[in-house]
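Novice: Got a structure here, written out as C-alpha cells. Questions coming.
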Number of protein chains: 2
Amino acid sequence: MLEPGDIYFREGESSPRLAYIKEGLIRSYHVNEKGMETTVLLRWEEQIVASYDSILMQRPSRFTYHALEKTTLLEVNYDLIQQLLETKPEFEKARYHFVLDMLAQSLERIESFVLLTPEERYLQLIKDKPDLLQRVSDKHLATLLGITPVSLSRIRKRIAGKHPR
Amino acid sequence: MLEPGDIYFREGESSPRLAYIKEGLIRSYHVNEKGMETTVLLRWEEQIVASYDSILMQRPSRFTYHALEKTTLLEVNYDLIQQLLETKPEFEKARYHFVLDMLAQSLERIESFVLLTPEERYLQLIKDKPDLLQRVSDKHLATLLGITPVSLSRIRKRIAGKHPR
DNA sequence: GAGCGGCGTTAACAAAAGATAATTAACGCG
DNA sequence: CGCGTTAATTATCTTTTGTTAACGCCGCTC
C-alpha cells in the first residue's frame, strides 16, 4: 500500500522485489547530472512492476520508482518465485506470459520512437490510454515521450489548431 | 540459409516461424505510405529472429525481414516448440531465458530514446556493437536510431570535429 | 488573505533535425 | 571504358525542438 509520492524502489537499490499493481500508478524516473528528471516508465493497475535492472540485469537500479497515486500492491519476492517454480512448474507458464506481454509492450514503444514523430507519439498515447492525461502531469508525460514539457505544450497547441473542438 | 537480400519474412505474412541465427544479419523494416523505408530491428548471430507480430500478437507482420549478409539460420516452427513444451517442460527455462534476454535489450533501447540525444544514441551504438558500422549502411543505421540519413551524416561530422583523430 | 511553490503556457533565441536537391564517390555491368 | 545505380555528403531552406526565462494560475500553508 503506497500513498502518492511514496517510493517503492530507490535508485541504487538492488533487491529482487516485484509486485502486481492491484490499483494505482507507479512512475519510474531517472535524474541526470544536471538534476533533470526523466520519466522512463509508467506502470498501472493489472500490470507488474519491478526494477528490471535488479531482476533482469542483476545490478543496482538506475531508476527510482514512486507512486503517483494511492496504490495497492501485491508484493512478492522474486527469489521466492524462483524457488516456487522449482516445485510448481505449472507457474512457469504464467511467468512466461507476463514477460512476453511486457516484451510486446516494449517493442510497440520502440516502434513508436522509430516510426512516429513526437506529435504522433503523443496522439497515440492519448488514444491508447486516455486516462493518463488526467492521472499524470504533462511534464511527466513529455519526458516519457522523449521530449521536453515545453515542446509538449506546443504540440498540444498545434493539435488544438488542427482539430478546433 | 539466406543470401544477402533474401527475404525471410514478408510483410502481411502470418506464420509462426522462428529461427536462431548461427551467422549473419537480419534486418526488419517498415515501408510507409510515401514509400520510405525504416529499419525497425537488426538481429545478428546468436540471436533469435521471429516476427513478433505473428508470435506475440497473433496478427500479420507489419514488417519485412530480410538478410543483409549471407545468413545461416536454424529454423523451428513455433507451434512445434509449444507442443514440445507440453512433453518436455525442461525447455521452458530456455524459452523464458530468450524472452527475458530480448526484453532486457528492448528496455535498454527504450531508455536510449528517452534519455539520450540522437548523437549520444549513435555513440552508444558504435560503442556497443562497433562491427555494425562495417556491416550495415548508414541509412539503415540512421532510421534504426530514429533519425534520417542526412541527419546521421551531420552527426558524424560533428563528432569528427570534436575528436580530431 | 498574503505568500509560496509547482505547473502549464508563452516568448525569444539557439540548435538540431527534416525535406529536398545537387554533388561526389564507389561499384557492378554490359 | 562509359553508363547507370546507389550511398554518403553537402548545401539550402523550413520546421521542430531545446533552452531559458517570464507570466499567470492554482492550491497549499501559515
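Novice: Say whether the condition of being touching a Phe, Trp or Tyr at 6+ places or on another chain (Cβ under 7 Å) and within 15 Å of DNA strand C (Cβ to nearest atom) is met by at least one residue in segment A:114-130. Give the derivation first.
Specialist: Let us first name the residues in segment A:114-130 that are touching a Phe, Trp or Tyr at 6+ places or on another chain (Cβ under 7 Å), namely none.
No: zero hits.
Novice: What number of residues within segment B:64-104 are within 21 Å of residue B:43 (Cβ to Cβ) and either within 9 Å of chain A (Cβ to nearest Cβ) or of a type in the set (Val, Ile, Thr) (or both)?
Specialist: 13
Novice: Looking only at segment A:18-27, decide whether some residue is within 14 Å of another protein chain (Cβ to nearest Cβ) and surrounded by 15 or more Cβ atoms within 10 Å (Cβ to Cβ).
Specialist: So far as segment A:18-27 goes, yes, one or more of its residues are within 14 Å of another protein chain (Cβ to nearest Cβ) and surrounded by 15 or more Cβ atoms within 10 Å (Cβ to Cβ).
Novice: Could you please tell me which pairs satisfy a Cβ distance under 6 Å, a separation of 6+ or placement on different chains, a first residue in segment B:73-87 that is in contact (Cβ under 8 Å) with a residue 12 or more places away in the chain, and a second residue that is of a type in the set (Phe, Trp, Tyr)?
Specialist: Going by the 6 Å Cβ cut-off, the qualifying pairs are B:74/B:20.
Novice: Can you tell me how many residues within segment B:87-123 are of a type in the set (Phe, Trp, Tyr), within 22 Å of residue B:50 (Cα to Cα) and modelled with pLDDT of 95 or more?
Specialist: First pass over segment B:87-123, keeping only residues of a type in the set (Phe, Trp, Tyr): B:91, B:96, B:98, B:113, B:122.
Right, trim to within 22 Å of residue B:50 (Cα to Cα) and you get B:91, B:96, B:98.
Of the ones still in play, those that are also modelled with pLDDT of 95 or more are none.
The number of residues fulfilling the criteria is 0.
Novice: Within segment B:130-144, how many residues turn out to be more than 14 Å from residue B:27 (Cβ to Cβ) and either surrounded by 13 or more Cβ atoms within 10 Å (Cβ to Cβ) or among the aliphatic types (A, V, I, L, M) (or both)?
Specialist: Restricting attention to segment B:130-144, the residues satisfying the condition of being more than 14 Å from residue B:27 (Cβ to Cβ) are B:130-131, B:133-134.
Next, from what is left, pick out any that are either surrounded by 13 or more Cβ atoms within 10 Å (Cβ to Cβ) or among the aliphatic types (A, V, I, L, M) (or both): B:133.
The qualifying residues number 1.
Novice: While we're on this one: Would you check if residue B:141 is more than 11 Å from DNA strand D (Cβ to nearest atom) and of a type outside the set (Asp, Glu)? Break it down stepwise before answering.
Specialist: Details: more than 11 Å from DNA strand D (Cβ to nearest atom): no; of a type outside the set (Asp, Glu): yes.
For residue B:141, the condition - more than 11 Å from DNA strand D (Cβ to nearest atom) and of a type outside the set (Asp, Glu) - is not met.
The values are calculated or read from the model by the stated rules, or taken from the named source; none is laboratory data. These numbers were taken from a predicted model, which means no experiment stands behind them. Because the Cβ atoms are built from the backbone with ideal geometry, glycine has one as well, and the counts that use them run over all protein chains shown.
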